[in-house]
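Let me begin by presenting the structure, written as structure tokens, before commenting on it.
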Amino acid sequence: MKKILIIYGTAGEGHKRAAFAVKAAFDARGESQDDVRLVDALDYTNPFFKWSYPRIYIFMVTYIPSIWGFFYYLFDVRWIYPIVKAMRRFGNKRNTRTFEKFLCDFKPDAVIATHFLASEVISDLKTRGLLETRLITVVTDFRMHSFWYAANTDHYCIGFEESRRELIKKWGIAPEKVTVTGIPVHPKFYGVSDKAAIIERLGLAKDRVKVLLTGGGFGVGPIMKIVRSLAAGTEKLQVLVVCGHNDKLKTEMETFLKGRAPSPVTFTVFGFVNFIDELMSVADISVTKAGGLICSEAIAKVLPLIIIAPIPGQEGRNCKILVANKAAFKITRPAQAKKIIDRIQAETGLLEGMRGHIRAMKKGD
């Protein structure tokens, strides 16, 4: 019996969803003697580290995105990597002792890591001779960054050919150690959904263009500004707003809708949902952040995108690839979303053309 750990870090829903997608693929094989477990690396760190790890990221990308972007690109410079590596080792050594003990006690035969924290810790344990395991790193961004690199990674699974070339040329990784798999998404995103049944079950309109508006698992971004802009429209439209874990946004949305006069633009508000695949199935276009997972899920669903002001760094890189492949529009101001949606309603064939480009970049499984 093989012992396999699929390790993520709840520093955003994307890393977690990728890990659950990999686990679903294992489960789909049917009965197996292997011991396959899902693990959140942050559950094995000290309470303050676990609490602050995602919150520092959310604070920076929400309130000081330019500073986040500056350090993102600075830390990706090859000759600065030794400094970055030393900083990460210093911080991780003091905060992941429980995680290290868990790994050494469990002794997995293989680890599939969808977050770079686990890859860095396991790579160091292998360097010190404390752990023997096959380490597979699943990169959940469209492009490579130095944080994903770990010297003792046995194999990389990545989204696009650009990242493969970067790993080989910039980091000296042997070509046979890198596979362009696409970012793993749950099998349900590849399933054929009964759109009519979903529309009826959720009480949605049958005769309106449907726009899915989401700010990822944390509900970040100028969602309310986009909502107010779309609400001023005169054409029939149904907007599906997913607020994620952002309860404040959900309350604000509900308050806004209570005071509205009847309008051709209708809104349906959701909190955090586990059926985003169904909402993607019925949507004609999605206005979203440029997270690696949510964009990969949209690609699997052949859903055109409008990217909201991508955060400098990984989102900017993700967006660049999507726009280059004509799978998405990029907006920098909330009001631009309405202009694009008006154009979609006026130009027959625009969305179908985008869907054709998405099918060209979509992975089979």
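The values are calculated or read from the model by the stated rules, or taken from the named source; none is laboratory data. What you are looking at is a predicted structure, and each value in this text was computed from that prediction instead of being measured. Note that each Cβ is placed from the backbone with ideal geometry, even for glycine, and that neighbours are counted across all protein chains shown. For the accessible areas, the whole protein counts, side chains as well, though only heavy atoms, and no ligand, DNA or RNA atoms are used. Shrake-Rupley method; radii C 1.70, N 1.55, O 1.52, S 1.80 Å.
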How many residues are open to solvent by 10 Å² or more (accessible area, probe 1.4 Å) and of a type in the set (A, V, I, L, M, F, W, C) when one looks only at region 296-307? 2
How many residues does region 1-11 contain that are open to solvent by less than 10 Å² (accessible area, probe 1.4 Å) and farther than 20 Å from Lys107 by Cβ? 1
Selection within region 281-295 - under 15 Å from the mean Cα position of the chain (by Cα), open to solvent by 10 Å² or more (accessible area, probe 1.4 Å) and more than 18 Å from Met224 (Cα to Cα): Gly291, Ile294
Please go through region 172-191 and pick out each residue that is more than 21 Å from the chain's Cα centre (by Cα) and surrounded by fewer than 18 Cβ atoms within 10 Å (Cβ to Cβ). Gly172, Ala174, Pro175, Glu176, Lys177
For Ala19, are the conditions met, namely being touching a strand residue (DSSP E or B) at 6+ places or on another chain (Cβ under 7 Å), closer than 22 Å to Leu131 by Cα and in a helix (DSSP H, G or I)? yes
Considering every residue within region 216-233, establish whether at least one is out of contact with any helix residue (DSSP H, G or I) (no Cβ under 9 Å at 6 or more places or on another chain), open to solvent by less than 30 Å² (accessible area, probe 1.4 Å) and outside any loop (DSSP other than H, G, I, E, B). no
So in region 33-50, with the set limited to residues that are surrounded by fewer than 13 Cβ atoms within 10 Å (Cβ to Cβ) and either assigned to a helix (DSSP H, G or I) or in contact (Cβ under 8 Å) with a residue 60 or more places away in the chain (or both), which one is nearest to the chain's Cα centre (by Cα)? Asp43
Considering only region 309-365, state which residues are small (Gly, Ala, Ser) and either buried (at least 18 other Cβ atoms within 10 Å of the Cβ) or in contact with an Asp or Glu (Cβ under 8 Å, 6 or more places away or on another chain) (or both). Ala309, Gly313, Gly316, Ala327, Ala328, Ala337
Considering only region 242-259, I want to know if a residue exists there that is in contact with a Gly (Cβ under 6 Å, 6 or more places away or on another chain), open to solvent by less than 40 Å² (accessible area, probe 1.4 Å) and of a type in the set (Val, Ile, Thr). no
Do we have any residue at all in region 187-202 that's part of a loop (DSSP other than H, G, I, E, B), in contact (Cβ under 8 Å) with a residue 60 or more places away in the chain and closer than 27 Å to Pro304 by Cβ? yes
Tell me, which strands (runs of 3 or more DSSP E) wholly within region 234-342 include 3 or more residues that are under 26 Å from Asp207 (Cα atoms)? 237-242, 265-270, 285-288, 305-308
Kindly list the number of the only condition in (1) within 19 Å of the chain's Cα centre (by Cα); (2) modelled with pLDDT of 90 or more that fails for His155. (1)
Which one of these is closer than 21 Å to Cys295 by Cα and free of Cβ contacts under 8 Å to residues at least 60 places away in the same chain: Glu161, Glu100, Glu132? Glu161
